[in-house]
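Structure first, then comments.
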Amino acid sequence: MRALRSLTPFARRLALSAFALWCMFPIYWLAMMSLKTQVDAMARRPKFLFAPILDNYLTVLSDPAIWTYFANSAIVALASTALALLIGLPAAYVLARYRFRANADYGFWILTTRMTPPVAVLIPFFVMYVKTGLIGTHAGLIVAHVAINLSIVVWLMKGFFEDLPGELEEAAAIDGATYFQAFAHICLPVVLPGIAAVAILAFLFSWNEFLFALVLGGNDVRTVPLGLYAFVGYQQVRWGELSAASIVLLVPVLLFVLIFQKQLIRGLTMGAVK
Amino acid sequence: MNKMKMPTGGLHLTVDRRSFLRATSILAAGGAITLRSGLPVHAQENSAELLKLYADAKVDWQKNKGQTIVLGGLEHPWMNAVVPLIPLFTQLTGIEVKVDKQSETEFSASMPVKLGGGSATPDVFMIWALGQAISAKWLQPLDAFRNDASLFDAAWYDEPDIFSSARSFEKWSDGASYGLAITAEAQTLFMNKSMLDAKGLSAPASMDDLLKLAVALKSEEVAGIAMRAKPTGDAAPWTLAGFVFSYGGAYVTKDGKSGLAMPESIAGLDMYGKLLREAGPVGIASYHWMECLNDFMQGAVAIGCDSSNFATDIEDKSKSTVAGNTLFGVLPASEGKPAKPNMWHWMAGINAKSANKDAAWLFLMWATSKPTSTLAAAVGLATPRGSAWQTSAFRDRFGAQAADAALKNLQAADGDLFKAAWFHPKAPEILDAVGIAVNEVVTGSKDATKAFGDADGKVRQALEM
Amino acid sequence: MDARTRFIILMLTPATVLLLGLTIFPFIASVAMSLSNYSMVTPDSLAFAGLQNYFKLLQAEEFWTALRATALFTVLAVAIQLALGVAIATFLHHETRAVPLLRAIYLLPMAITPVAAVFTFRMMLNPSLGVFNYLLKLVGLPPQDWLGTPAMAMTSLLIVDTWQWAPFILLIAAGGLAAMDEEPLQAARMDGATEAQVFFHHTLPALLPYLGVAIVFRAIDAFKTFDIIFVLTGGGPGVATRTLNLLAYKHGIEFLSMGYAAAIAIVMLAITIIAAQVFLRRMRMFVPRAAL
C-alpha cells in the first residue's frame, strides 16, 4: 500500500501529461498545417520537419472579413453569455433554494428547450425572425443563443446553489435582508467559481454554434464558424487559410478563458473562508 | 498570330485577339482586355472599353436603375470569377448587387430553409437541386424575359455559342426554362504520366483496359485508382454514373422509372466496385472528391476520375506534386457501347418571390453573356460558352491538354441521362440510395446485383410517394 | 400573494418570458408539421395526415437502424467521456503544479472552431496520407482503415467526440470538486481509508449531483451529434453511422419532406424526455436539497 501511495503522484502526473498531449495533438497538427504550403500539408509521409511559411497568416490577417467574423462572434458570444447569466442565475437560485409546487416541472421544462433537434424548428424560427425583423441582426442571434444556453446555466448553477449551507439565508433574514438581498449579496458571491465555469461553457457554446448562426445570422452576422466554413469550398479545401484562421481566432477565446480562470481561482480562495 | 501578353501582376489575362474578336465581335481594333490586378474592375483604365462590350446589346440596361438585388451563391469558381466583375454590371445598369456567399454545405442547408420560409431574397441564386426547386415553385420561369425585346437581344447573346448540353440543361420537361447554365464540367480521367511511363503503359482504350491498367499500376506504395465511394448523395453517385451510363444503364429511365435493376446498370456498378476493390487504396470507402484529389496530387494513387475542374488544382505546383506530370484523358468505353462520361452544368435562376425580377434577369443575362464569360474564363472558369474555351487565356490557365480532354468528355456525355436522375424532384432520395449501394459494393458487403437490387426497391418506393 | 411567492415568480419571469417567446411557436409549428404531409417539393397538396408520418417512421427499417446507431453512440460516448473526465478532474484536483496551464490546455478541444477540428481529424484519419496510420507504422503496427468498417467508423467517431467533449465533463467535475467540503474526506483518511475508498465512498457521491447534470447535457448533445458524423463518415459505411439526427437532416433539408423530418425530430424529443425523466428521478435530482 505504501508503495502505491508513493507511486501515485508520478502516475498522476503521467496521466495528466498524457491527457494534455492528447488534447493538444490535433491543435498542434492544425498549427503545423497553417505553416505549410498545401503540398506539404497533404504530404504522403506526414511532415514533422518542413520549411515554415507565414503566407497563410499574411493572407488571413490582411483579409478584413476575418475581423468582421471575430467582431460578430465576440459581440454575440459575450452578450449572450452575460444575458444568459443575468436571466439564468435568478431562476437557478429559486429552483435550488425554494420548495414550491411546480419546481421540478419548471426545471424540466427549461431542460427540454435543449432537447429539441434543430431540423424541425429551423423553418419556424426563420419565419418568426423574418416576421419580427430579427433576422440577420446581432440581437436576434444573441437572443437565440441565450435560449440555447439558458438550460445549461440554470442546471449547472442550480447545483452550485444547492451546495450552499442552508443557514446562509437564515442568517441573512435575521440581519433583516430581503429575499433578493440574500440572493444577490450573500449567495451570489459565494458561487463565483461556479459562475466562472458556467460562463466559460456558455461562451464556448455560443462562440462555436453553427446551425442557428447559419440560418438566423446569415450573411449579415457571419460568426467565426461560418466564416471558417467558407474555406471549405466547392471542389477545394483551402487548408492553409482554414488552419491559419482557426489558430488566429483561437487566441481571443483562450484569452477569455484565462481571464475567467483567474476569476475562478480568486473565487476559490474567497470561497475557502466560508 | 497576333497574340498579346500584358504583364498584369497576379492576374494573367491574355486574350488571343483573333479568337476574342470571334468571341465578342465587338472589340475595336487594337484593344485587348487587360485587367491590372489590385484594381477593381470599374477602376481599370480600360473600363470604358469593357463597358462598350455590352453597349451593343439592344437591351435597356438602365431600366431598373437604383434597385438592389441579392446574389446567393456558394464558395465556387463561378462566384470567385464573376463577383469581382460585378462593379462593371453596376456601372452598366445602375443596379447594386449584394453578394451572399456561403460554403457548399452552408448553402445547401440554409437555402431550403430560406426559400421554404418564403424569403424574397436572394433574388438570383445558384441552383443546387433543380428538380426540387422547380417542384417547390422557388424558381421563376425565364421565357417571359426572353420574349421581352427590352430585356433580351438574342443576336447579341448568341445562344448557339453555348454548348448544346448546357442548352438542353436549361429546358425543363414542361418546355419552360428555369435557369441559365453558368459552368461546364465533365468526368475526366487523370493519369500519373511517369507511373505510366515507368511500366510502359498508356491510356486505356476500354473499361476492361482501365481495370487491367489500374491493377498493373497498383503496388505496395501506390494505389491504382481512387474514385469517390463515400455513401452520400453528393459523393459516389456522380462518378459512378459515367460507368453506369457507359455500360448502357441509367439511374432513372427516360420514362421516369428506376433504372437501377437493369443488367447494364449493374454491370457499371460491378466494374466500378471491381476497380476500387482490386486497385483502390486502403480506406477507399470513406473517400469523397477531397481524398481522391489529395491522393492523386500526392502521387499516392496513379489514376483518378472526377470533374474536369480539378485540372486547375492538379496543375498548380503549390498544391500538387504531379503538376506537369498528368495526362488528362477521356473516359473509356465498354465493349461495343459509346462512352458516356458524366457531366454537370451549374445553373443560376431567379427567385419566384423576388421583388426585383427584371433586375435579376438583367444580371443573369449579363453574367452569362459572351463578354462576361470571356472575362471569367480568363481566370480559369470553365464556362458553358465555346468561344470562351477557345481563348488562349483560358487554355493557358486551365491547361490545353486538360481543356481538350474536358471538351471531348463533354461532347461524349449524354445530358438526358443525367437530367433524368439529377433533375428528378426525388433526386436526393435516388442519389442517396445509389451512394449507399456504391459503398456497399466497394466494402464488399454486397455484390452489385444485390446492392442495386436493394437500392432499386428504395427508389421505387420514393418514386411512388 | 405573499412576499416569498412574489419573489419566486419575479426571479423566474425573465427566463419564462424568453423561453416562451422563443420556443413555443417553433415547437407547436414542428408538431403541426409532423402531423401533415408537408413536403416543400409538393407545396400545393399540403394536407393533414394524422399520425401517418409516425406510423411510416416506426415501420421503416432505416429508423430502427438509426436508433440503434444513435443509442450506441450516445451511451458509449457519455460513458467514456464520464470516466475520462472524472479521472482527470480528480487527478487535477490533487495536483499543485502547472494547474492553470493544464486547465487551459484541456479546454482547447472545446475552444477550437469545430469545423477546423473535424476537418483536421478527417485528414489525420485518412488511411493513405494521414498521420495516425503513419504513427502506427512507425511503431510497427498495421495501418487501420479508420472509417472503413462499421466498427472502426463508430470507434473513430467516438475518439473524435471524446476528444472534443471529455473536457466538458472535466470542467464540470473540476467545478464540483472545488466547491466540495473537504472535511469528511480528511476524516476518512484519518480513519485509515485508502485513496480509492475515499474516492468511491466520499468524493464520488458528493460529486454525483454535478455529474448528473453533466451526464444529462452531454447525453442530450451526443444524441443530436451532427457535424462530426456528417463530415467524417456521412453516415457510412453503408448506413452504419447514420444516426437519427442525420436521418432527420436528410429527410428535411435534403429530401425536403418536412413533415416526415419533423416526425423524426418529435420522436427524438420524446425519447430524450423519457430517458431524462427516468435518469433524473433515479438520481433524485428533482428535489431541491436545501429547500427554504
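Laid out as a table, the results:
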| quantity | calculated |
| --- | --- |
| Charge dipole of the protein assembly as shown about the Cα centre (unit charges at C-beta), most positive-ward option of B:259, A:69, B:166 | A:69 |
| Distance from region A:210-259 to region B:238-264 (C-alpha centre basis), Å | 40 Å |
| Within 10 Å of each Cβ in A:92-103, the average number of Cβ atoms from other chains | 5 |
| Folded to 0 to 90 degrees: helix B:236-246 orientation relative to chain B principal axis, Cα | 80 degrees |
| Sorted by Cβ neighbour density within 10 Å, fewest at the top, the residues A:93, C:54 | C:54, A:93 |
| DSSP bridge orientation in chain B - percent antiparallel, rounded to nearest 5 | 65 percent |
| Unit charges at the beta carbon, dipole of chain C: most positive-side option, C:277, C:66, C:173 | C:277 |
| Chain B, helix-only ellipticity at 222 nm - DSSP H runs n ≥ 4, -39,500 (n - 2.57), divided by all residues, nearest 500 | -13000 deg cm²/dmol |
| Sorted by Cβ neighbour density within 10 Å, fewest at the top, the residues B:318, B:165 | B:318, B:165 |
| Of the DSSP H helices in chain C, those whose Cα atoms cover at least 24 Å axially and whose Kyte score averages 1.0 or more | C:3-34, C:61-94, C:150-178, C:204-223, C:258-282 |
| Contact order normalised by residue count of chain B, Cα under 8 Å, 6+ apart, percent | 23 percent |
| Highest to lowest packing among B:327-336, B:59-68, scored as the average C-beta count within 10 Å | B:327-336, B:59-68 |
| Whole-angstrom gap from region C:80-108 to region A:123-156, using each part's C-alpha centre | 33 Å |
| Relative contact order of chain A, defined on C-alpha pairs under 8 angstrom at six or more residues apart (%) | 29 percent |
| Chain B: angle of helix B:207-217 to the longest principal axis, Cα-based, in degrees nearest 10 | 80 degrees |
| Relative contact order [Cα under 8 Å, 6+ residues apart], chain C, whole percent | 29 percent |
| Built amide H within the under 5 Å cut-off of residue B:99, gap 5+ | B:71 |
| Shape call, region C:1-129: gyration tensor on alpha carbons, a/c limit 1.5 | oblate |
| Nearest 10 degrees, 0 to 90: helix B:400-412 Cα axis against chain B principal axis | 80 degrees |
| Positive-end extreme of charge dipole, chain B - chosen from B:386, B:53, B:453 (charges on Cβ) | B:53 |
| Residue pairs, from the table B:254/B:337; B:274/B:446; B:63/B:353; B:274/B:419; B:193/B:317; B:254/B:353, whose Cα atoms sit over 22 Å apart | B:274/B:419; B:254/B:353 |
| A:145, C:93, C:202 arranged by Cβ crowding within 10 Å, fewest neighbours leading | C:93, C:202, A:145 |
| Radius 13 Å from Cβ of residue B:152, net charge of other residues (Lys, Arg +1; Asp, Glu -1) | -4 |
| Anisotropy class of region C:61-282 from Cα gyration tensor, a/c 1.5 cut | oblate |
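None of the figures in this text is laboratory data; all of them are computed from the coordinates on show. Computed from a predicted model, the values in this text were never measured in an experiment. No Cβ is skipped: glycine too gets one built from the backbone with ideal geometry, and neighbour counts run over all protein chains shown.
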